[in-house]
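Here the structure comes first, spelled out in structure tokens, and everything after it is commentary.
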Amino acid sequence: MRKTILPVMTVAAICGTLTTCTVPAPPMSFQAASPFVTAASFRDGAEDGTNDVVAEYCTRCHSERMRRGDLVLEGFDVANAPQNGEIVEKMIRKLRAGMMPPSGARRPDPVVLAEVARDLESTLDKAAERNPNPGTRTFQRLNRVEYHNTIRELFGIEINVSTFLPLDTKSANFDNIADVQMPSATLMEGYLRAAEHVSRIVLGDPDAEIQNTVYRLPRIQSQKDRIEGAPFGTRGGLSRVHNFPADGKYVFHIMPYNAVEGEVFGRTFGTEQVEISIEGERIALLTIDRWMMESEPSGLNVRTDSIYVTAGPKRVTAAFIRQFEGEVDDLIRPIDHTLADGQIGIGYGVTTQQHLQRLTILGPFEVTGISDNPTRRAVFTCRPTAPAEARPCAEIIVGNLAGNAYRRPIKEADVSALMDFYDEGAQDGGFEGGVRMALQAMLASPHFIFRMEEVPDGIAPGEIYNISETDLASRLSYFMWGAPPDEELIAVAERGRLTKSKEFEQQVRRMLADPRAEALATRFASQWLRLQDLEDIQPDALTYPYFDETLSEAMNRETELFFSHLVEEDRPVLELLTADYTFVNERLARHYGVPGIIGPEFRKMSYPDEKRRGLLGHGSILTMTSAADRTSPVLRGKWVLEVLLGSPPPPPPPDVPAFEEVGEAEDGRFLTVRERMEQHRANPACRSCHVVIDPIGLALENFDVTGAWRIRDGGNMVDPESELYDGTPLASPEDLRNALLSRPEVLYRVFTENLMAYALGRRLEYYDMPTVRAIVREAGEDGFRLSAFILGVVKSGAFTSAKAPRPAIAAVPEGAH
């Protein structure tokens, strides 16, 4: 597998600001260039001007003698740029971001640098037009989320995929990149177990064994308000859709959180009641009192009697009955009814409310059969009335299911192979047992698990071809919905209409308007912006007692809703940084210091000032780029460089001393984060990186660990003033935002690169950059609206065509399972 070195080279290899790279110098044999160039002389001859600029400003570090970053640019000739595309694309990236020449070095006029970038881009783009390269992608497999969504679309059920499939490996920010999706024995075993589980849940299982399913709640999640799906008049608890495998009796256990000494968190002066309901109908009411707490030092476990439940997916809720209007408040405000008090040592019993820890469902007992339900009715589209009708009926069912599961027209060999499994299952299990076995085989088939694309007959290795319409439909749906194509998209593809320009654009816009397009926020944007890192941050409870799981979830949801709004309203992409609005609920609005927002529902809110605009003011971004007990200008600066500018810094050298977590000034006070950073940056081994990273993060220093606005750090005034690597002065989030917006081309291209990588399911290479630039240019004609970028990606040759691999990957034989 080829290991990409782009993240290291983008910062170090070209500008020579660092010396830790070990990238081998490419074989470049350029003729000598002429001396110093001015803006006027550049315009007289662009090609010669580019060569002169490189000779004057780059070869001091990138000479045969210095070889900074193991890169030699002596004799550079722009005419040979296409033969050195990977190196030249890195030069373009550095120029566009304003990082080359490096800070402190002699720099030509910005107009000259812009002309150099345009000259290099034009040369590479023209070469790409003559020799297009859509890239090669190995087949993809369904990752966790795609598997879950596909099962939901096929059968209307929710399953916990993490029970069966390992965590997806990420590459290029995303979990759908083919180069890290190679199957393993463990992975395939997981798919087999998932197929067996799904087939039994979908059709029911009269032979279901007794098992227990545990649903847990995070320890620091607020349980003050009614949760989604719970009956009115309740608070806290949890609500989940549980798949009951058969008609029978089930037992429901609840367990509140316990204190170390055995008491249940939330000391009350009486009793609490927990309601268990199924589909909103109460099936049990459990009572928890002080005497029960004291008699169960190992943990209180309250259970219901056996309760009869029919098979199928049903919403089960366990929630506390609300006892008082407005509820009893915490004794210390505003900890917001979390268990933070147990972590910070204020003392147990700070909150007056109990917290549910988990709900366990045990069963089935005394199975009586399997009742009909919508899931079964969707599968059994026919029913045999005589033994002779069983197999023909099963063949119809299997054909219908396989057509949807395989996401392409079904061949006779597909159905024939699945019917062999039906015959085997029907021997002991009858008609339903046979269908269950065929369904299990279908869900374990490579045609379901893998998103393989068929190479047309007669295509030689390395030849470029248009992918089939059904494969194009799958690419569209998994990109925009994270789910399989719907009936309309499949029908258009099977009629051969999807590749028609007008029909294609209509389908893309229809898909963007569909609620499933929220996956662009929850899947693409969430991973591009690295929102998953928010789960790993637990701010120190003593310093930040107001932070809890509920606030963390609200921060995450704010960013998702914000991006989803940009998609729904087709807003300009730069609104990611400039938006004077966001989406908050009461918990998040209170954290931001915004009054007048009541309730758990999110709503659009306009910012009262310039402090918190766009992504740089989102609590999710600011919290996940902090340490537990302090802000981190390094993490915040690194996030901006990587996510927004596409120029990640290299890892620190192994001998760099650790950052001093606590420091003391000469006057005895504690040092601010900025002062500790300055001490760290004084080390020559650290300075070359931190002079680029730190100013970006320091501009956001008025936001604390949890993203709340502050003017002091440990009693000292916050000092956010610094200077960007290109000399731009920074003193506030607004300054940083404006500095980034001064280079919009960089932001557009980085956004497009990530969108394209996610859409294609492969890492972008240097030869993809002409396509990226073309998409950005075309989007500019439509005001850089989000839909213009999406349409640009899906209309590109990289998305609609493919290059046959060298050597060709053998296709799965027809009927193979």
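Label residue 323 and residue 107 with points 7 Å out from Cα along Cα→Cβ: what is the distance between them in nm?
Roughly 6.4 nm, to one decimal.
P(r) for the stretch 533-599, please, calculated from all Cα pair distances in 10 Å bins and given in %.
Percent of Cα pairs in each bin: 18, 43, 32, 7, 0.
Would you kindly state how much longer the chain becomes between residue 491 and residue 532 on full extension, computed as 0.36 nm times their sequence separation minus their alpha carbon distance, in nm to one decimal?
Computed gain between residue 491 and residue 532 is 11.1 nm.
Taking the Kirkwood radius as the inverse of the mean 1/r across Cα pairs, report the Rg/Rh of the stretch 471-513.
0.91
Heavy-atom accessible area of residue 740 with all protein chains present, probe 1.4 Å, nearest 10 Å²?
Surface accessible to solvent at residue 740 totals approximately 10 Å².
No solvent, one uniform scatterer per C-alpha: report log10 I(q)/I(0) for the stretch 129-186 via the Debye equation at q = 0.20, 0.21, 0.23, 0.26 1/Å, two decimals.
At q = 0.20, 0.21, 0.23, 0.26 Å⁻¹ the computed log10 ratios are -0.83, -0.88, -0.99, -1.12.
Largest first and to the nearest Å, give the Cα extent of the stretch 94-224 along each principal axis.
77, 48, 27
For the stretch 41-190, with every protein chain kept in place, what is the accessible area per residue (1.4 Å probe, Å²)?
Result: 43 Å² of accessible area for each residue.
Pull up the cross-link candidates among the aspartates and glutamates for residue 314, meaning alpha carbon to alpha carbon under 18 Å and not fewer than 8 places away within one chain.
Result set, ordered by chain and number: 153, 158, 205, 228, 247, 275, 279, 281, 372.
With N set to the number of residues, divide the alpha-carbon radius of gyration of the stretch 368-455 by 2.2 N^0.38 Å and report two decimals.
Ratio of Rg to 2.2 N^0.38 Å for the stretch 368-455: 1.11.
Please give the length that would be gained between residue 396 and residue 304 if that part of the chain were fully extended, namely 0.36 nm times their separation in residues minus their C-alpha to C-alpha distance (nm, one decimal).
My answer for the length gained is 28.8 nm.
Once you put a point 7 Å from the Cα of residue 540 and another 7 Å from the Cα of residue 185, both along the Cβ direction, what distance in nm separates them?
With each label placed 7 Å out from Cα toward Cβ, I get 4.8 nm.
Counting only protein chains, not ligands or nucleic acids, how are 139, 563 ordered by accessible area (probe 1.4 Å), most first?
139, 563
Report, ordered by chain and residue number, the aspartates and glutamates lying within cross-link reach of residue 638, taken as a straight Cα distance under 15 Å and ignoring same-chain residues fewer than 8 apart.
533, 694, 701
Can you compute log10 of I(q)/I(0) for the stretch 369-519 with the Debye formula, treating each Cα as one identical point scatterer, at q = 0.21 Å⁻¹?
Values returned for q = 0.21 Å⁻¹ are -1.27.
The values are calculated or read from the model by the stated rules, or taken from the named source; none is laboratory data. What you see is a predicted model; the values in this text were computed from it and never measured. Here the Cβ is made from the backbone with ideal geometry for all residues, glycine too, and neighbour counts use every protein chain on show. What goes into the accessible areas is simple: the full protein's heavy atoms, side chains included, and nothing from ligands, DNA or RNA. Shrake-Rupley method; radii C 1.70, N 1.55, O 1.52, S 1.80 Å.
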